[in-house]
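Engineer: Below you'll find the structure I mean.
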Amino acid sequence: MPIVESPVIAYTGQAFYLRTAHTAYVIGLTEHGGLLHRYFGPVLSRAEDYPTPNWGIVDASGEYPTPTGMWQVAPCIRVVFHDNVRDLRLRYQGHEISASGDELAIRLHDEHYGLEVTLCYHVYADCDVIARQVRLRNTGADAIDVEEVMSASFSLPYDRGGEFRLNHFAGAWMKEKTLGRQVVTPGQKVLQSWTNSTSHQQNPFFAIDVIDAEGNGATEEHGEIWFGQVHWSGNWKIVVEQLRGHHKITRVAAGLNDLDCILHLAPGEDFTTPLVTLGYTDGGFGAMSRLLHRYQRAHILPRNHADELRPVLYNSWEAVMFDVSEDAQARMAEKAAQLGVELFVIDDGWFGARNTDNAGLGDWYPNPEKFPNGLNPLIDRVNALGMDFGIWVEPEMVNPDSDLYRAHPDWVYHFPTRESTLLRTQLMLNFAREDVREYIFNSLDTLLSEHNIRYIKWDFNRTISEPGWPEAPRERQREMWVRHYEGLYGILDRLRARHPQVLFESCAGGGGRVDLGAFTHYDDCWTSDNSDPYDRLFIQRSFMLAYTAKVMRCWVTETSMHEGASYSLAFRFHSAFMGSLGLGGNLLHFSEEEMAEMARNVALYKELRPLIQHGEMYRLIPLSRMDRIAVEYVDPQGSEALVLAFGTQENFWENPVRLCLRGLDPQALYRLEGDLDEGQPESMSGQALMHRGILPRLYGHIASALIRVRKA
Ligand code: DGJ
C-alpha cells in the first residue's frame, strides 16, 4: 500500500506514517499497545518497505521509553506516584489527526494511576521537519511528581555501516558556536545547559552524520544527516546514547533538562513540554542548513515581522558604554543618519542610577541627570533624522543598588540561609512569581506606551545561582526552571500583542540566548560580544549551520581583538554583510572619507539585503577549512546571487581556490561584478559558474571579496 502522497499523516492500525516532502517517519503500534520507533529517513514508495525492528533491537526502539519492567534504555519520562511507585506503564489509548492533516496526537495512558501522556507531532511538509512535544495530564485522584519529561526521542538506523558522528556547538562568551565533532561511542554524550539560559557553552542543536569505512562523513552537498533543535531558552538537554545489545543502537532524546527540576502535577493539572524539531536530509550539511533557515523564516520567527527585512541599526554600546546622554547620543544619531542607518539603538546606561554595572537594573525609567527631560526629546531628534528609535533593557535582572531591590529584596531567586552570589553585581529576578511578572510587564508596557520605541534589545547577563523560590509551596519550588520561562515568554507575548510595531532582539551577554524558543518570541539576536571582524567570520559561519542569517546581528565596529591587527573598512563590512547589518563604532572617530565609504557600504547592503536575509545560503567552502571561507546567498529563482569570500592566510604560492556557485539557472547568462581575480570573465553561464566556478581576488593575510552575480 503506498503511503507516499497526501495525507501527510496516515494510520493503518499497526503504524502511523508521517510524511514530509522528502522524508518519512514511522511509528509502529504493537499488539500490547506499545509504540516503536520504526523509521526516520527518505520516503520509500510502499508502506511494506519501511522496516520493522527485529528482535535484537526491539527493546531499544521505543518511541518514548519509560521506566517499565526491565530498565534497559534511558527513559524519556520519570515520575513518582503518591505511593512511591516509579514504574510507568503506558499503553496506547487513542489518537487524533487534526483537520488540517498535519498534526498527530497519540494518547498513552497509565491506567492504574491515571497519567495521560500525549505524544504530539506537527509535520512541516514544506520544510522537511517534524516538531514534537509531549502533553501530560493527571487524570487520577493523587498528585504525581514528574522528575523528567523529554519532548522527543528516536533511534538512528542500526544498519548503515560506519559510525555516527555528532556535530554540535561548543564555545564560550566571545567565542560562541565553535563546531564540536566526535564519533558517537557506547555510553551517553549529554549536551545541556543548567545556567537558566540557553548558554554560550552549548547550544540546543545537534546534527548526526555517518562516517563511512574510509573515514568520510557528510559533505556540504552529500550525505545523510539527522538533526534537531530544542525550542527552549532555559535549561535544556540533548542526550545521544549508544547501547550494546545484539546490535549497537544509537538513540537521541531531547527536551527539558531534568537537573534539579521537579514538576508537581496535582489531580486535573497538565503540563506541555517545549517543542523539539527533528529533521533528516541526505543532501549534506548545506541542505540541512537551508531547511532550517527556511523553517525558521516560514514558521518560527514571530509572524508580524517575519516577512520584513531587518533594518540597518546603529548601537551605541561599543562607542560610549554607560556614558550615554541626550546630547552625545543626538550627535551620534546625526552621523548615523548620514550613513543611511534606519534604526538608532541606545544601549545600557540610560535608566535609574546607572553609570556602571553596579546599579540601576530594575529601575526602568530615564536617569534624571542624563535625560533631564526624559527620553522623548532624544527620540524626537532621532525620528526627525528619519530613523526609528530602539532601547536596551535587562528585565530579568536587578542590582542590589536599585529602588526595585530596596523595595522587594525577596523578588530574586534565593535560599534564605545562604548569601546570594553576585555576578556583574546583579541578581536574577524570580520570573516564576506572578507579582514580579506583573511589575516587569507594567514597567516595559509603560516604557513602550510613553515613547515611540520600535526596537527592544533584551539582554540577560548572568547565569543563575541559589535557585530558590522559598515563598512557593515546597512541592512547587523546583518548578522555577520552567516557570521562569513561562514568565519570560508570557511577558514577551503580552508586550508583542500590545505593541506589535516593536521588534525584539534576544541578547545574553552576546550570543547566550540563541535557540528556537527565543526566536519564537524575538525577531533577531546579538550574535556575540566579540565584534572583531576576523573572529566573527568563524562564529557567523557556524551560527548559520543552524540558524538563518536574518536573525544574526553583525556590527561594523572599531574593535580588533588581536594585537596589531588592523582591518580595512571593506573587510569589516564584508564580514558584517553575512547577516543583519549594524554599526557599532564611535562615528565621531571617522574621517569624512571613511564616512563616505561607510555610507556607500550601507547603501550597498540595503540593495543586497533581500538576498542575504531571505535568500538561500550555500557554503562554498567546507566548514572544516580555516584559511578560506566563502558563502553564497541566492534568490530562490536563481536570478541573482552574492558571494562573500574571505582569506585568513596569505597562502603564498598555494593554488587558488575556485568557487563553484550553486542555485543558479544553468541555461542563463550572468554578469559578474566585484572582487574577481585578474583574467576572470565578466559574464558566464549559470552552468559554467556552477561547474567551472570563479576566482575571487584574495591576497594578503586578511582579505575579503564581494562578488555580485546577476542574470544578464
Ligand atoms: C552585553 C551585551 O552583549 C552588550 O552588547 C551590551 O548590551 C552590554 N551587555 C550592556 O551591558
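The values are calculated or read from the model by the stated rules, or taken from the named source; none is laboratory data. In this text the structure is predicted, and so the values were computed from the model without any measurement. All Cβ positions, glycine included, derive from the backbone under ideal geometry; neighbour counts span all protein chains shown. Ligands, DNA and RNA are stripped out before the accessible areas are found, and what is left, the full protein with its side chains, is counted by its heavy atoms. Shrake-Rupley method; radii C 1.70, N 1.55, O 1.52, S 1.80 Å.
Engineer: Return an integer: the convex hull volume of the alpha-carbon atoms of the range 489-613, in Å³ per residue.
Structural biologist: Numbers: hull volume 15.5 nm³, N = 125.
Hull volume normalised by residue count: 124 Å³.
Engineer: DSSP loop (so not H, G, I, E, B), at most 14 other Cβ within 10 Å: list which trypsin sites (Lys or Arg not before Pro) in the range 424-480 pass both filters.
Structural biologist: Values: sites: ARG424, ARG433, ARG437, ARG454, LYS457, ARG462, ARG474, ARG476, ARG478; in loops: ARG424, ARG433, ARG454, ARG462.
For trypsin sites (Lys or Arg not before Pro) across the range 424-480 that sit outside H, G, I, E and B with at most 14 neighbouring Cβ atoms in 10 Å, the list reads ARG424.
Engineer: What GluC sites (Glu not before Pro) in the range 637-712 are in a loop by DSSP, with at most 15 other Cβ atoms within 10 Å of the Cβ?
Structural biologist: Details: sites: GLU640, GLU650, GLU654, GLU673, GLU678, GLU682; in loops: GLU650, GLU654, GLU678, GLU682.
Counting only loop positions with at most 15 other Cβ atoms within 10 Å, the GluC sites (Glu not before Pro) in the range 637-712 are GLU650, GLU654, GLU678, GLU682.
Engineer: Can you pick out the pairs among LYS175/LYS550; LYS237/LYS606; LYS177/LYS370; LYS370/LYS457; LYS550/LYS711 whose Cα atoms lie more than 27 Å from each other? Please list the in-between numbers first.
Structural biologist: Values: LYS175/LYS550 20 Å; LYS237/LYS606 39 Å; LYS177/LYS370 37 Å; LYS370/LYS457 20 Å; LYS550/LYS711 24 Å.
The pairs that break the limit, which is 27 Å between Cα atoms, are LYS237/LYS606; LYS177/LYS370.
Engineer: Under the 0.36 nm per residue contour assumption, what length would be gained going from the current alpha-carbon distance of TYR699 and GLU673 to full extension?
Structural biologist: Values: separation 26, 0.36 × 26 = 9.36 nm, distance 1.79 nm.
Length gained, TYR699 through GLU673: 7.6 nm.
Engineer: While we're on this one: Checking the cross-link filter: which lysines have an alpha carbon closer than 18 Å to that of LYS248, excluding same-chain neighbours under 8 positions apart?
Structural biologist: In chain and number order, the partners are LYS189.
Engineer: Please work out the average accessible area per residue across the chain, using the 1.4 Å probe convention, and give it in Å².
Structural biologist: Numbers: 26730 Å² over 712 residues.
The answer is 38 Å² per residue.
Engineer: If the chain were replaced by its equivalent ellipsoid, with semi-axes equal to the square roots of 5 times the Cα gyration tensor eigenvalues, what would those be, largest first, whole Å? Don't skip to the answer; put the middle values down first.
Structural biologist: Details: eigenvalues 353, 261, 84 Å².
Over the Cα atoms of the chain, the semi-axes work out to 42, 36, 20 Å.
Engineer: R0 = 22 Å: FRET efficiency of PHE652 with GLU597, Cβ-based, nearest 0.05?
Structural biologist: Details: r = 28 Å, r/R0 = 1.29.
The formula returns an efficiency of 0.20 here.
Engineer: By DSSP, what percent of the beta bridges with both residues in the chain are antiparallel, rounded to the nearest 5? Show your work: numbers first, answer last.
Structural biologist: Numbers: 130 of 158 bridges.
Given both bridge residues lie in the chain, the antiparallel proportion sits at roughly 80 percent.
Engineer: Only Lys, Arg, Asp and Glu count, each charged at its Cβ (+1, +1, -1, -1), so figure out the dipole size of the chain about its Cα centre, rounded to 20 debye.
Structural biologist: Details: 66 positive and 95 negative charges, 232 e Å.
Dipole of the chain, to the nearest 20 debye: 1120 debye.
Engineer: Test of the criteria: in the range 28-119, which GluC sites (Glu not before Pro) are in a DSSP loop and have at most 10 other Cβ atoms within 10 angstrom of their Cβ?
Structural biologist: Working: sites: GLU31, GLU48, GLU63, GLU96, GLU103, GLU111, GLU116; in loops: GLU31, GLU63, GLU111.
Of the GluC sites (Glu not before Pro), the ones in loops of the range 28-119 whose Cβ has at most 10 other Cβ atoms within 10 Å are GLU31.
Engineer: So, with a 1.4 angstrom probe, what is the percent of accessible area on the chain that is carbon and sulfur? Mind dumping the intermediate values first?
Structural biologist: On the way: 13340 of 26730 Å².
That share works out to 50 percent.
Engineer: With every protein chain present, what accessible area does GLU558 have (1.4 Å probe, heavy atoms only), rounded to the nearest 10 Å²?
Structural biologist: Counting only protein heavy atoms, the figure is 80 Å².
Engineer: Let me ask another. Determine the relative contact order of the range 245-399: mean sequence separation of Cα pairs under 8 Å and six or more apart, normalised by residue count, in whole percent.
Structural biologist: 19
Engineer: Another question about this same structure. Can you give me the Cα centroid spacing of the range 588-627 and the range 121-197 in angstrom?
Structural biologist: 34
Engineer: Would you mind calculating the relative contact order of the chain from Cα pairs under 8 angstrom and at least 6 residues apart, reporting the percent as a whole number? All intermediate terms of the calculation are to be shown ahead of the outcome.
Structural biologist: Details: 1713 pairs, mean separation 69.1, N = 712.
10 percent.
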